[in-house]
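Just so you know, all these numbers are worked out from the coordinates, no wet-lab data involved. Just so it is clear, the model here is predicted, and its values are computed rather than measured. Note: ideal-geometry Cβ built from the backbone for every residue, glycine included; neighbour counts use all protein chains shown.
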Amino acid sequence: MRWMTAMQFPNERELKSLRERYPAGTLIRLIHMNDPFAPVPSGTIGEVTMVDDAGNLHMRWQNGRSLSLIKGVDDFTVIPDRNGGSGK
């Protein structure tokens, strides 16, 4: 469960990789959020606003929510833009 997961902070190389892979503006479709209390519904689309120093993807969801995603804990997919990019 999200709230019971031991915190493992990414190193600088991993952070750089996350920020390159999920820049602000990247569109994401949620498959499943591992949050037992108030998850964003599966299938919801959101936009990455930033990747913080802990490696969390801060989101602006279409339903108005703003819960972050945790790579490796939550399941999601990037929606490619029409040019085959990352949705930005």
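Near residue 31: Cβ cut-off under 10 Å, other residues only, Lys/Arg at +1 and Asp/Glu at -1. The net charge is -1. One quarter of the surface of the convex hull around the alpha-carbon atoms of segment 15-88 equals 4.7 nm², the direction-averaged projected area. In segment 1-70, Cα pairs under 8 Å separated by at least six residues give a relative contact order of 27 percent.
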